[in-house]
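Bear in mind that the values in this text are calculations on the coordinates, not laboratory data. A quick note: this is a predicted structure, and the numbers were derived from the prediction, not measured. Note that we place each Cβ from the backbone using ideal geometry, even for glycine, and neighbour counts take in every protein chain shown.
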Amino acid sequence: MLSGVGPADHLPEFGIVAVQDLPGVGAGLQDHPAAVVSWPVVRGETWSDAVSARNQRLYDEHRRGPLAAVGQAVAYLRVASGTQVPDVGVTPMLIDLLGQTDPGMCCLVTVLAPPAVGDSFGWHRLIWRTHH
């Protein structure tokens, strides 16, 4: 919307000149809440072993290897009763997002289909006021 493309009646609130009035821009926003789950391991073997000098070099030089993607896989689960499609995703992470240094495992659990749909204008107002 900083480009001036969006709902012409909302853009001036942010000092943006409307170039193209497209009311749908910024609408239909869905937030996907996520939580990091981390736990220690007994034998000290973790996915963090992938963060080695060799794998770092492989990524730096060729953008390949286990460090080329934050999550290597996603398990899609139906958690809520009565749902026909998965509503939660579980992504094992190579690097602990919580910054733990002890041997452990880490997963990112994400709500895939949040029940609420809104628009991004509230977020734009919050971000605009925070950063300007």
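For this structure, a couple of remarks:
- Each residue, Asp31 and Val17, gets one label point 7 Å from its Cα in the Cβ direction; the gap between the two is 3.4 nm.
- Ranked by how many other beta carbons lie within 10 Å on average, peptides 9-15, 87-93, 35-41 from highest: 87-93, 9-15, 35-41
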